[in-house]
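Since every read-out is calculated from the coordinates, none of them should be taken as a lab result. These figures come from a predicted structure and were not determined experimentally. Don't worry about glycine lacking a Cβ; one is built from the backbone with ideal geometry, like all the others, and counts go over all protein chains shown.
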Amino acid sequence: MTPIIHIHYSEYLDGVFDAYVRSIPAYKDWIRPDVQTVKDKAVTFSKAWDKAGPQILQCMCQNTGLEFKRNYFPVYVVCGNTRAYSNPIVIKSRFTADEFIECLTHELIHCLFVDNKDSAFVRATNGFADHVVLYAVMEYLLPGTVDKVVDMEAFPGNARYIKAMKQVKEAGFRSILEKCRGTATESCAK
Ligand SMILES: [Zn+2]
């Protein structure tokens, strides 16, 4: 099934994340965007996903051979967040629309893997280091994803993601996906 992705502002979580981000010493001087700006961004993100999302979801499922078991995912847009989550999906407002699409795609791949944790494909992902297969799927869906490793190197917190992206660049996303699926790579509208 194709799940409904409901992207919206959450007043309750906005307040929670406002306090949470400020509680982190490195962010004590952080200035949050005003509420209307966060609300407007949620609308912008939702429109961007309406355009790009259906094909991303379709290709994500087609390429992995997996299907979502849940039919609804709320996506909460909040003032700030030091990292995105997949359960629940909470994403900061200070992304561009393209960055948001990339971030949400990443989190939805986690959700897809959770929904299919007993499948042969997801069991095969355990043979790889953390996030390698996820970035292989990302590179297939959004070509150029793993080239962004250069921009990420400025942030030490990204070390495990950088390592995974480099592995995908070296091995090639197709060979990683082929290993997980055990079949030749199909192309999906690309
Ligand atoms: Zn992740």
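Just one of the listed residues (Val114, Val133) is surrounded by fewer than 16 Cβ atoms within 10 Å (Cβ to Cβ), within 12 Å of the ligand (Cβ to nearest atom) and within 26 Å of Asn71 (Cα to Cα), and it is Val114. For Pro88, indicate whether it is within 21 Å of Val38 (Cβ to Cβ) and more than 16 Å from the ligand (Cβ to nearest atom). No; evaluated as a whole, the condition is false for this residue.
Scanning the range 54-97 for residues that are part of a helix (DSSP H, G or I) and under 15 Å from Val137 (Cα atoms) returns Gln55, Ile56, Leu57, Gln58, Cys59, Met60, Cys61, Gln62, Asn63, Thr64.
Looking at the range 80-109, I want the residues that are charged (D, E, K, R) and have a partner that is more than 15 Å from the ligand (Cβ to nearest atom) with Cβ atoms under 6 Å, at least 6 apart or on another chain. Which pairs are those? Between residues of the range 80-109 that are charged (D, E, K, R) and residues that are more than 15 Å from the ligand (Cβ to nearest atom), the close pairs are Lys92/Gly80. Residues in the range 17-26 that are loosely packed, with under 14 Cβ neighbours inside 10 Å and not small (Gly, Ala, Ser): Ile24, Pro25.
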